[in-house]
Structure formats: C-alpha cells, structure tokens
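S.K.: Dumping the structure here so I can ask a few things about it.
Only the coordinates and a few stated rules stand behind these numbers; no lab work does. All values derive from a computational prediction rather than experimental measurement. A quick note on method: Cβ atoms are made from the backbone with ideal geometry, for glycine too, and the neighbour counts reach across all protein chains shown.
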Amino acid sequence: MRIPFGELSTQFAAIEGEVREAMDRVFARGWYVLGEEDRAFEKAFAAYLGAAHCVGVGSGTEALHLALLAVGVRPGDEVVTAANTCVPTVCAITATGAVPRFADVDEATLTLDPAALAEAVTERTKAILPVHLYGHPCDMDPIREIAGAHRISVIEDCAQAHGSAYRGRACGTLGDAGAFSFYPSKNLGAYGDGGAVTVGEAGLAERLGQLRNYGQSERYIHVIKGCNSRLDELQAAILRVKLKYLDTWNGARAERAAAYGEALAGLPLRLPETADWATVNHHLYVVRTDRRDALLEHLANDGIGALIHYPVAAHLQPAFRDLGYKAGDFPVAERACKEVISLPLYPEMPMAHIVTVAGSIRRFLGGTGRRR
Ligand SMILES: Cc1ncc(COP(=O)(O)O)c(C=O)c1O
C-alpha cells in the first residue's frame, strides 16, 4: 500500500458540490478580478482571525513582499528572519531590495529565538519577520518587545499557521501585518495560488490595496508604485467555501497528530513539542532523528511519502551566498535541517495509515515503542 504525504482529491470530493456552485456564481457574474467574492472572503477571513482588515493578494510570497513595502521597508534596509525558514520568506525580503539577516531558532519549537533575534537587530533593521513554522507560533511577546524598543515593524509569516494562536490570539493579528499563503496544500488552500495580508491599521490596509493593484487609489490614478498581485474571484469564492471547514480540518489534523504521538512514543525519535502558550494547527508533523536520511529512504521503500522541511538552511542556500553567512553560524537551525522529517498528515488521512507509518518507523529504529 502506498501512503502519500498529502492528498487533496478526497477533500475536494467532500465539498465538490459547494465548490462548483461557488465557481458557477463567478462565471454567471462574469467578473473575475477584485470583486464581490474577494471582498466577502477578506471580510470573512478577517472576522475568523479577529483582524481589523484583510487584503487578498496573489500568493504568500507576495503577501510578505507587499506587507514589507507597506510598512516602509526600502532598498538597503535590513529585515531579520529565522535561519530555518522556507526560502520564499527570504525571496520576499530580497524583492524589496532589503538585506535579509538571519537569527537562530529555539531548540524546542524551531521558531525564532528572541535572544538570538535581539543580537541580530542593528540600526539598519527595519522589520522583523517571525515565521510560525510547521504551524507552531513564535514566542511573540519578547519579539514584539524587541521590535518596540527599536521602533521596527513585525510582519508575521503565517503561510503555515492558519488557525494557530499565541496566548489565545490568532497568528496574523500579533504584529503590524500577517502574511498568509493559500497554496493548495496549506491548511486553508485555494485551487491555485493565492495569499492575503491581515492588518490592524486602516492606513496600512489602504496602502496594501493600492500596492496590489498598480498603486491605484482609484481607476487610472496611481498614487504609489505598485504591482499586480490580486486574489482572483474564483480562488476567493473557493476559499469562502473552504474557510467554513478550516476548524474542522484543523481538528482532524490534531487527532492524527495525537495518534502519531501515541504510536511513536518510546521510540528513539524526537517528537514535535508544543509550548504551553501555543495553539498549533498541525500544518506539518515533524519528527527528528540523527538517522534522518536513512529513515527517509526506508519509508520510501515502504511506499510512504515523507518530506523534509527543509534540507538546507536559508543562510546556506546558494542564492544567498553573497550575504556572507557560513556553516556553523546558526547551529540549532542547521542541526534541525539535518534531522527533521515530516510524516504524512492531512485531515482526511485514514487513521490506519498512522499505524502503518509508525510500524515502518519502529522496524527501522528497532525500538520497542508501544503498539496501538
Ligand atoms: C513559511 C512560508 N513562507 C512563505 C511561503 C510562500 O507562500 P506561496 O507559496 O503562496 O508564495 C510558504 C509556502 O510555500 C511558506 O511555507
């Protein structure tokens, strides 16, 4: 039996009628960009998170890029982010002309370590970009404190954190702006690319609305230099349907994560940890072992689709060689890149798959973990 890492068709089959109805509504209206669906989705997503405003854009990378521009990041400024992030976070920084600066991560949560962040901030730092990696929120209070002391902005990377929360407040409402991706495999995914920025301040929302639409304040009046990055009406209509199920799907992920925790207990494997202030959406179920590459191969031989998020730390990627970082600069992030392995997890995944995956891991590690 093959066990895929993720699978989107079962979920589509469950909501197909609603999705087709939503898409038909768009076709019947004949309005495809920046219309009723986008406005309605923005309102619904803002309400879901408890954010004052939401602006739909073309992707998560663009959400980060435009949020950085909106808070005033300019060429030559520095933006600090986590060394173990997904590369698009860094692409968004370089797209503004700013210089990415990295900081190491916390050993337990693999999110931005506030002490390391404090060291990385300089007088050129214009923004901090904490990444709620795997759906685990960053420790936002000390991060906000550092930002406040230096009068710099905080843009949260929420691409993996739809429905996650920090001390009861939703990710996306904890900084100056929250950037979301609706890439199909995200907890809230479109059927194509999409993204959104959530903000508390009306002025920022207005600037983002202009930035995504050629800098227009009204038709053919361009008040700032913008680009074209909009959430299209079909994706917005689909997201309106899917948003209604986000909590249910996150709940199904939580059940599966708990089952993994039980099935893998006792094995020589580091299981994901959740800080006591965190509500996690279980975007990824990431375990750690120093035999990672061999385990990955073993699982592949058993037909199990595990993945690595991510095998190379951002500061060691060839594209960012010019920044002057070297191996050893961020030891926690670098070790994590060698040890992490993401196990199959999606809301519709049969619970029996977890028993199979855990059995395969147990055979490999030769442990005596509890059987379910
Ligand atoms: C942490 C993180 N940041 C940014 C992105 C970029 O999102 P998108 O693929 O929608 O551009 C992703 C998704 O791939 C991500 O996982």
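S.K.: Considering only DSSP beta bridges where both residues belong to the chain, give the percentage that are antiparallel (nearest 5).
M.R.: Details: 25 of 41 bridges.
So the antiparallel bridges in the chain amount to around 60 percent.
S.K.: Here's a follow-up. According to a simple spin-label model (label point 7 Å from Cα along Cα-to-Cβ), what is the distance in nm between ASP290 and GLU36?
M.R.: 6.2
S.K.: For the range 246-365, what does the equivalent ellipsoid look like in terms of its semi-axes, each the square root of 5 times an eigenvalue of the Cα gyration tensor, given largest first in whole Å?
M.R.: Numbers: eigenvalues 147, 67, 35 Å².
In descending order, the three semi-axes are 27, 18, 13 Å.
S.K.: Residue by residue, what Karplus-based ³J(HN,Hα) values in Hz, rounded to whole numbers, does the range 63-80 have, using 6.51, -1.76 and 1.60 with θ = phi - 60° and x for Gly and Pro?
M.R.: Once θ is set to phi - 60°, the couplings for the range 63-80 become 4, 5, 4, 5, 5, 4, 4, 5, 8, x, 5, 10, x, x, 5, 10, 10, 9 Hz.
S.K.: Same structure, new question: Indicate the gyration tensor shape class of the range 153-287 (rounded, prolate or oblate), computed on the Cα atoms with a ≥ b ≥ c the square roots of the eigenvalues: a/c under 1.5 is rounded; otherwise a/b larger than b/c is prolate and the rest oblate. Present the calculation step by step, with values, prior to reporting the outcome.
M.R.: On the way: a/c = 3.01, a/b = 2.07, b/c = 1.45.
Since a/c reaches 1.5 and a/b is larger than b/c, the shape of the range 153-287 is classed as prolate.
S.K.: Still on this structure, please answer the following. Any idea which of ALA14, LEU234, ALA28 is furthest toward the positive side of the dipole for the chain, if Lys and Arg beta-carbons carry +1 and Asp and Glu beta-carbons -1?
M.R.: ALA14
S.K.: Next question. Give me the number: length gained by fully extending ARG363 to ALA115, i.e. 0.36 nm times residue separation minus the C-alpha to C-alpha distance, one decimal in nm.
M.R.: Values: separation 248, 0.36 × 248 = 89.28 nm, distance 3.96 nm.
Value of the extension gain: 85.3 nm.
S.K.: Right, another one. Net charge near LEU295: determine it from the other residues with C-beta under 15 Å of the C-beta of LEU295, scoring Lys and Arg +1 and Asp and Glu -1. Walk me through the numbers before you get to the answer.
M.R.: Working: positive: ARG270, ARG288, ARG291, ARG292, LYS338, ARG362, ARG363; negative: ASP290, ASP293, GLU297, ASP302, GLU339.
Summing Lys/Arg as +1 and Asp/Glu as -1 gives +2.
S.K.: Could you give the semi-axes, largest first, of the ellipsoid that matches the chain, computed as the square roots of 5 times the alpha carbon gyration tensor eigenvalues and rounded to whole Å? Display every interim value, and only then the final one.
M.R.: Working: eigenvalues 224, 150, 54 Å².
So the equivalent ellipsoid measures 33, 27, 16 Å along its semi-axes.
S.K.: Which residue fluctuates the most in the chain, going by a Gaussian network model with Cα springs under 10 Å, if the choices are THR248, THR61, THR96?
M.R.: Maximum fluctuation in the GNM of the chain, among the listed residues, is at THR248.
S.K.: Related question: Give me the extension gain from LEU243 to LYS225: residue separation times 0.36 nm, minus the current Cα-Cα distance, reported in nm with one decimal.
M.R.: 3.3 nm
S.K.: What relative contact order, as a whole-number percentage, does the chain give when Cα pairs under 8 Å and 6 or more residues apart are counted?
M.R.: Numbers: 791 pairs, mean separation 81.8, N = 372.
Computed over the chain, the figure is 22 percent.
S.K.: How big is the gap, in Å, between the Cα center of the range 193-220 and the Cα center of the range 35-54?
M.R.: 13
S.K.: What order do you get for GLU339, GLU119, GLU156 when you list them from fewest to most C-beta neighbours inside 10 Å?
M.R.: Numbers: GLU339 19, GLU119 11, GLU156 30.
Fewest-to-most Cβ neighbours within 10 Å comes out as GLU119, GLU339, GLU156.
S.K.: Students often get this wrong, so check it: of LYS186/LYS242; LYS126/LYS186; LYS186/LYS338; LYS43/LYS242, which have C-alpha atoms separated by over 19 Å? Could the numbers behind the result be given before it?
M.R.: Numbers: LYS186/LYS242 11 Å; LYS126/LYS186 29 Å; LYS186/LYS338 24 Å; LYS43/LYS242 14 Å.
Distance filter (> 19 Å) returns LYS126/LYS186; LYS186/LYS338.
S.K.: With a cap of 10 neighbouring Cβ atoms within 10 Å, and only residues DSSP puts in a loop, list the trypsin sites (Lys or Arg not before Pro) found in the range 197-291. Intermediate values should be presented prior to the final figure.
M.R.: On the way: sites: ARG207, ARG212, ARG219, LYS225, ARG230, ARG240, LYS242, LYS244, ARG253, ARG256, ARG270, ARG288, ARG291; in loops: ARG212, ARG219, LYS225, ARG230, LYS244, ARG291.
Loop-located and lightly packed - ARG219, LYS225.
S.K.: How high is the relative contact order of the range 297-372, in percent, with contacts defined as C-alpha pairs under 8 Å that are six or more residues apart?
M.R.: Numbers: 48 pairs, mean separation 27.2, N = 76.
With pairs under 8 Å counted, the relative contact order is 36 percent.
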